[in-house]
Amino acid sequence: MDFGYSPKVEALCEQLRAFMDKHIVPRIRQWHDEVNQGQYPVSFMESLKEQARAEGLWNLFLPHLRDDEPGTRLTNLEYAPLAEIMGRVSWASEVFNCNAPDTGNMELLHMFATPAQRDQWLTPLLDGRIRSAFAMTEPEVASSDATNITTSIRRDGDDYVINGHKWFITNAAHPHCKLFIVMGKTDQQAPAHRQQSMILVPRDTAGVEIVRNITVVNHVAPEGHCEIVFRDVRVPAANLLGEEGSGFALAQARLGPGRIHHCMRSIGAAELALELMVERAQSRTTFGKALHEHGAVGEWIAKSRIEIEQARLLVLKAAWMIDRVGAKEARKEISMIKALVPTVYANVCERAMQVFGAMGLSPDTPLADNWTWARALRFADGPDEVHLQGIARMEIKARPYVAGATNAYLIMPARD
Ligand SMILES: Cc1cc2nc3c(=O)[nH]c(=O)nc-3n(C[C@H](O)[C@H](O)[C@H](O)COP(=O)(O)OP(=O)(O)OC[C@H]3O[C@@H](n4cnc5c(N)ncnc54)[C@H](O)[C@@H]3O)c2cc1C
């Protein structure tokens, strides 16, 4: 087993780190200033995107690009350390056209769009000219069970008509967001997992109303986690993605790689939190000792290092599995990292915030924002408990019950 990255990936990592140091890290303050003034910093974002694309640091997440599609054609395993580097700055992945939820949406369109849908939506997304959102969750029903959703997609002549209420729809407030991929029901009478379909809804269609951008732990995300009402929204029948009744299967296909990207970026952000924690613990003293010399702080540093390493290895294994056997076969590994990594990320931020003292809760470090995002990730793409339930189910299924199968390992006295 080789734990190193290939020379190709090492070179890309070096190139990406240099780009981050030169173009992104110096703009962190400007980004926050512009966001605090209520504007999305699209101006410098667009010029950075052009530069990244010119340097070949573009669409690094998508392994199976066609010859005519722009991108770097890396495996998921090769992409992992690059996503980690991007994850050090919350908005950096957009510069490389590798940000959620667009990556998951591009993957979905790449797999299932018709040629006309590809031309209309996938090409501009791969070029970074537009942004997109994925709308599944609804306020009125427990949406971690997708069979609960109530949004209706009703066929009417050559059109579909959509009525529903969604919330926490990421990216919907982005000024360049032009497409919503909406999950709803086309047939309430079909079997539970064949009722759902996905449909492509242009952002500016009549009847689409963005009600608000919901703050997350009181943090405003400029790209938005929006509440949206779809009221008699009419789109051509050709906007259906896949076939009627395939929505559940499409959602499963979409969420695999999207989940792993979140986890890869989170490892990078957790590494940054640990770096900040270590430097702070070295630079401040109380009661005659550097902070790291106090047992509790040293332990937080050590635990953080152990947890990050464990999480990274599991993420790399999941990426390797997706590359080898596909996201469907790797669903246990994907669920494992989704249930693990956000908690590791939140724990490391939490400890770093404590080491920073009161400053850790202020907007003067990235820790509070990052903790908020780590906490949110315990819901986004399915809450921890649903993933844990799935893992347990797969574990149980893999070992059909045979009474006494493990008896040989028991030390209890033999019974007659
Ligand atoms: C910042 C953020 C961004 C998001 N972005 C998007 C987006 O872009 N698009 C989108 O469609 N959605 C998005 N979501 C929504 C997210 O996917 C849902 O919140 C999630 O799927 C849970 O659905 P729910 O909120 O309806 O919780 P519910 O389904 O009501 O579940 C509530 C709780 O019940 C418990 N629970 C549920 N099932 C089980 C079980 N099987 N075993 C044990 N306990 C269980 C869990 O503790 C769970 O947290 C986002 C959420 C956040 C916070």
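The values are calculated or read from the model by the stated rules, or taken from the named source; none is laboratory data. Predicted model, so just to flag it, every value in this text is computed and none were measured. Virtual Cβ from ideal backbone geometry, glycine too; neighbours counted across all protein chains shown. With ligands, DNA and RNA removed, areas are computed over all heavy atoms of the protein, side chains included. Shrake-Rupley method; radii C 1.70, N 1.55, O 1.52, S 1.80 Å.
Taken over the chain, lysine pairs spaced eight or more positions apart, or on distinct chains, with alpha carbons under 22 Å apart number 17.
Counting Lys and Arg as +1 and Asp and Glu as -1 over every other residue whose Cβ lies under 14 Å from the Cβ of D33, the net charge comes to 0. Heavy atoms of the protein chains alone define the surface here; on that basis the chain has 49 Å² accessible area per residue at 1.4 Å probe size. When all alpha carbon pairs of region 7-126 are counted in 5 Å bins from zero, the resulting P(r) reads 2, 11, 21, 23, 18, 14, 8, 3, 0 %. For T137, the residues whose amide H sits under 5 Å from its own are W167, ignoring neighbours fewer than 5 places away on the same chain, with H placed 1.01 Å from N.
With contacts taken as Cα pairs under 8 Å at a separation of at least 6 residues, region 91-229 carries a relative contact order of 22 percent. R375 sits with roughly 80 Å² accessible to a 1.4 Å probe, with DNA, RNA and ligands left out of the calculation. Summed over qualifying helices (DSSP H, 4 residues or more, each -39500 (n - 2.57)) and divided by its residue number, the chain shows a 222 nm mean residue ellipticity of -15000 deg cm²/dmol.
Averaging the Cα positions of each part gives two centres, and for region 205-223 and region 68-95 these lie 26 Å apart. Near D127: Cβ cut-off under 13 Å, other residues only, Lys/Arg at +1 and Asp/Glu at -1. The net charge is 0. Of all the accessible heavy-atom surface of region 264-416, with the other protein chains kept in place and a 1.4 Å probe, what percent is carbon and sulfur? About 58 percent, which is the carbon plus sulfur part of the accessible surface. If you roll a 1.4 angstrom probe over the protein chains with everything in place, what fraction of the accessible area of region 46-178 belongs to carbon and sulfur, to the nearest %? Carbon plus sulfur share of accessible area: 50 percent.
Note on I396: accessible area approximately 120 square angstrom, rounded to 10, probe 1.4 Å, nucleic acids and ligands left out. Rolling a 1.4 Å probe across all protein chains gives D119 an accessible area of roughly 110 Å².
When M412, M1 are compared by accessible surface with a 1.4 Å probe, the order from highest to lowest is M1, M412.
Charge tally for I149 (other residues, Cβ to Cβ under 12 Å; Lys, Arg +1; Asp, Glu -1): -1. Find the relative contact order for region 1-147 and round it to a whole percent, using C-alpha pairs within less than 8 Å whose residues are 6+ positions apart. Taking the mean separation of contacting Cα pairs over the length of region 1-147, I get 20 percent.
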